[in-house]
Structures are given as structure tokens and as C-alpha cells.
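Computed from the coordinates by the stated procedures, all read-outs in this text should not be read as laboratory data. This structure is a prediction, so every number in the text was calculated from the model and none was measured. A quick note on method: Cβ atoms are made from the backbone with ideal geometry, for glycine too, and the neighbour counts reach across all protein chains shown.
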Amino acid sequence: MRLIESGDARLAVFEEGDPDDPTILLIHGYPDTHRVWDEVALRLRGRFHVVRYDVRGAGRSTAPRGRHRYGMDHLVADLAAVLDMIGKPRVHLVGHDWGSLQGWDAVARPGIRERVASFTCFGGPGLAQIAHFMKHGRRRDVAGQLARSWYIGAFQLPVLPELAWRTVMPGVLERTLRIADGVEPRAGHPADTLSDDACNGLELYRANMFTRSRTGGDPHVDVPVQLIECTGDPFVSPALLGSLGQWAPRFWHRKAAAGHWAQRGNPDLIARMIGEFAEHVDGGEAARSLRAARITRGRKAFEDRLVVITGAGSGIGRATARAFAAHGAEVVCADLDAEAAGRAADGIAKDLGGTAHAVQLDVADAAQMEEFAGNIRATYGVPDIVVNNAGIAVAGGFLDHSLEDWRRTIDVNLWGVIHGCRLFAAQMAERGEGGHIVNVASLAAFAPSRLLPAYSASKAAVKMLSDCLRAELAGHGIGVSAICPGFVSTGIARNATYVGAAPRELSEEAVRRRAYPPERVAAHILRAVHRNEAVVPVNAEGKIGYVLSRISPAAMRGLARLATIPGNPRIRR
């Protein structure tokens, strides 16, 4: 620890790691001290020179008297004093909460911006950016952020906030850490000086929030900025964070499945993101997730995203692979038919100039799926989007279905989806940056049919599985969508197995006459991922069936009885 002078304050500065390595300077927020960074600093100090300091009024730094001494000019002067102590031409700056607020202000100022190689922020934008959002943002977005920021108004009250921090608030903070962030208090966080730090830090809000925020300075910054949006942060809205990209020409927007104190809740992820960004700015190759996070004009919607699609050799799978590739994604085309998978991947490369890889895969084989998922991660990384599309159909009456018909249908249509969800969801959750899983079900998921008992049962299970997974994985930032198309012009009717007296010719003719191309289903899939939609019925019969199944299930059961199997008296009654 060093003590340095900064005007009317003495700052406690802490260093670790090799001073010859690139420097990362960590600024904590309210009501924390430098100790909130312990886990992250531990993970960075092997590659970086890590510097932290207690801001004025917190921890071992002194607390000047007078509200004006906590204004932004004093905070930026403190940062400049720490930079002087470090003595390097440029450092990588990282700010959380109030550390982020003062970081945004500092990197816009001459004398500081030239000394900052990059800026990583999470937990809050700058005052100038907030002021612009409050003035020009959509009314409902502004109202939503004001509701999240209710405590700022409470902190303006005299006496009561100080009284709360001297009595009940330390306990409230500990419970918030446990419940909202899943973090247990430990030595150093919350600090032993919490009550004093919180009372002193109230002056940050009183000296800055209702002065500069009315007019704001110039919100533009020239340094490379990485925004880490913590999807579980209750204090900052996605709309406010989404507005920040306009202020930095070099801007990366990443998402972390974490709460407000992400450096405590998921230190591996936060340290990795900080390190990846610093190394890239210093000339290193960008990781895939960092490349995908770059915000630029003209950038394709899924550029640098990795998409894995099963059943990609034909039909909906092939159309979806091409659609994602056309929007910039790198695609893995997996199919039981190796030649079909190869043709799909080659077509993406030749027709679209995209990047695609072909893999032969039996989704019903658990061991093969395990190996496939492991190879994808080792070769290309964790996928951002997985589309479980592979499926088969057996048509005919229940009494004509053999046990093998049931086993094969369930193995491919349901177990194939289970394998894909289980393996890739685990990878996404461990990575901590979210993702999306698309499970292709069918109109048959909610429209019973006497001609498709095994197929309908498997697709209904896929839809319910998707609903269950959506609830479980939301906390990891992973979306799950069930796509439920009606009749689509694919080869499924032609390739189906017909048992008993099931009408092959009528089925194939009905699909042919419907003439609904799989490319339109693919468009719905891309839209579902972009909007994080839960259940997506596709085409007229899909939408009508979905609505009718919710309004009148009895009507759907009645319609199911209308379908007959010519020449099969056992079930035509």
C-alpha cells in the first residue's frame, strides 16, 4: 500500500503483479472499497500490473469535509494523481458503479484521455450520458430507469440516509448480496468501514447527481470502451446501457450473466473480459466473443457468432443455416447424411461467401453427441446459438406403430433435443455470456392428430421441455425458443415412415400444395433469437392451431378425429 496526496485528500493505493506488465487500474463503486476487486485482481495479476485505490471517503483514504469536495472535478483529480504515481504513458482503466461514472467523465477530459489505453465499465454510465438519455430517451425507458434509480432521490434527504447506514442498511446490503448476486460476505467486502464509507459516499450523489446531470458535459469519448452489461443488475436498465454506443467510435458491448456486483459473483468471467479487452487493445488477437461484441455501422446482425444446427442437410435446417450465414454467422451444419451436410456447408461458402463446417451426426446417439459437443468447443469455441432441428416422422395409427417406431421417433425428435440442450446449455452457462437455444417443434405440439401419435407426442414434449428450460436458463442469460411450424415444403413427408394404411400420396400432395418454403421458417427462427421469443407458431395453420389450442382444447380434439386412415377399420370409427 502507498499513500499519495491529491489536493485535500490522502489516497490509499494498492499494487500487485509485475510493474513491467501492462497496467490495469480498477476503480470501485459505492459503498465499496478496493477490496471488492480482490477476486478479479487475483486472476489478473499473473499477466498484468494491477493497481487499485480507495476513493476519497472510503476505506483507508481520508474523507475531506464539505460536499463540494466530492464533486467530479475532485474525483478526476484523484485519478490523475494515481496515474502520476503509476508513471506510465497509458493504462487500462476499469470502473464499476461510481467508478464507472467517474471513468466516463475522466476519459472525456484532456490530460486524462491521452493516458488511458482502454476503458472497461459496468454498473453505470457517465453523468453526461445519463443526462442525454433522460432528455432524449423514450418516455417508458426513462421511466423505467427512474424507477430503478429511486435510491438516488432518497440519498438527497438530510439525516435519514446517514441514520439508515448506521443502523439497518449494512444488514440489508449483506442480504442483497446473498439474494440478488448469490455472493456471501467475506473479509473485506463489505468492508469493516462500511457505515463510515457509505455516509461519506452519500456526498457523491449530493454533489453530482442534480447538478451536472441537468446540463451534462460532452458525452463523446475517444478511447476504446468496453461495456459489460450485467443482465441481473437491478440498478441500470438495458435501455440506458444500450444508448451508450453512440458516444464512443470504438465500442464493444458485452453481456455477463451476473448481478450488480459481478466482480464478486462471477470473477472468472469479469477478469477474462477485462484481460481480453486490454490484450486486444494492446495489439493481441480478439477472442470470438469480443469480436462479436464490436459495435460498428453496417455490421451484420449475427456477425462473428457461432451457430450449431442439427438436421442442417435439408429443409428447415439447411434454410436456417443459410439465413444465419447470410447475416454474418459462422455455421456448423450437422446432419445424419454426411453428403447433405457437406453440400449445405459448401453452398454457404460458394453462394454466400460465408464460413460453414459440415459434420456427420446422429443426434439419437448420446455418446456421439457428447463427442460432437466437445469437439465444437475445442475447435471453434462455445456456440452462441444452437438450433435443435433434426427430426423424423412416422405416420399412421397408434395401433399400427411398433415399439421400434416409437423408440426411433422419441430417440431423434426428443432425445436428440435433450442431448443438444443439455450439452450446449452447460457450455453456455459455464461461459457466462448468455446464448440462445432454438428447438424446432411443430404445429403437432399442440394440435393432436390420430395420424401422428408418436410424432405429436415427441413434439409436444419438445415444446414443454423448451418452456421448462426457458425458466431455468433465464438466470444465465440464455434464451430458449420453441418454433412450431405448420405444413412446410420440406422432405419430411417424403422421407417419413408410413405404417398401416397411412396415406403417403395424400400427405406428400398436401405438403406440396401448401407451398410454404422453409426459408420463411428460417426467418422466424432468426427473429425469435433476436427478440428472445418463447413460442413461435409459424404460418397460418400454425398460428390458428396455437390460438385455438389455448381457447378451446376440446375443439382441437374434435378436429383430430376428422382425420381418417383409409382402409383401416380398427381406428376409423
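Data overview
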{"item": "Whether region 56-144 is rounded, prolate or oblate, judged on the alpha carbon gyration tensor where a/c under 1.5 counts as rounded", "result": "oblate"}
{"item": "Residue-by-residue Karplus 3J(HN,Hα) for region 356-365, coefficients 6.51, -1.76, 1.60, Hz, glycine and proline x", "result": "8, 10, 9, 9, 7, 8, 9, 5, 7, 8"}
{"item": "Two-site label geometry, Arg291 and Glu404: point separation in nm, points 7 Å out along Cα→Cβ", "result": "4.7 nm"}
{"item": "Pair Leu146, Glu508: separation of 7 Å Cα→Cβ label points (nm)", "result": "6.5 nm"}
{"item": "Relative contact order of region 1-85, defined on C-alpha pairs under 8 angstrom at six or more residues apart (%)", "result": "35 percent"}
{"item": "Förster-model FRET efficiency, 56 Å R0, Ala540 and Glu114, C-beta, rounded to 0.05", "result": "0.40"}
{"item": "Angle between the chain longest axis and helix 194-208 axis [Cα atoms, degrees, rounded to 10]", "result": "90 degrees"}
{"item": "Proximal aspartates and glutamates to Lys300, defined as alpha-carbon separation beneath 18 angstrom and excluding residues fewer than eight positions away on the same chain", "result": "Glu330, Asp351, Asp384"}
{"item": "Amide H contacts under 5 Å for Cys230, placed H, 5+ residues apart", "result": "Gly123, Ala256"}
{"item": "Relative contact order of region 213-320, defined on C-alpha pairs under 8 angstrom at six or more residues apart (%)", "result": "22 percent"}
{"item": "Global geometry of region 192-245, whether rounded, prolate or oblate, following the gyration tensor of its Cα atoms and the 1.5 cut on a/c", "result": "oblate"}
{"item": "Local electrostatic count at Arg297 - Lys and Arg +1, Asp and Glu -1, tallied over other residues with Cβ under 15 Å", "result": "+3"}
{"item": "Amide H contacts under 5 Å for Val535, placed H, 5+ residues apart", "result": "Ala482"}
{"item": "Under Karplus coefficients 6.51, -1.76 and 1.60, residue-wise ³J(HN,Hα) of region 310-317 in Hz, glycine/proline x", "result": "8, x, 8, x, 7, x, 4, x"}
{"item": "R0 of 22 Å, Cβ-Cβ distance Leu160-Ala180: FRET efficiency to nearest 0.05", "result": "0.40"}
{"item": "Helix-only [θ]222 nm of the chain, DSSP H runs n ≥ 4, -39500 (n - 2.57) each, per residue, nearest 500", "result": "-13500 deg cm²/dmol"}
{"item": "The chain, relative contact order in percent, only Cα pairs under 8 angstrom and at least six apart counted", "result": "10 percent"}
{"item": "3J(HN,Hα) from dihedral phi, region 288-302, Karplus parametrisation 6.51/-1.76/1.60, rounded to Hz, x for glycine, proline", "result": "4, 5, 6, 4, 5, 7, 5, 9, 9, 5, x, 6, 6, 4, 10"}
{"item": "Rounded to 5, percent antiparallel among DSSP beta bridges of the chain", "result": "20 percent"}
{"item": "Shape call, region 230-283: gyration tensor on alpha carbons, a/c limit 1.5", "result": "oblate"}
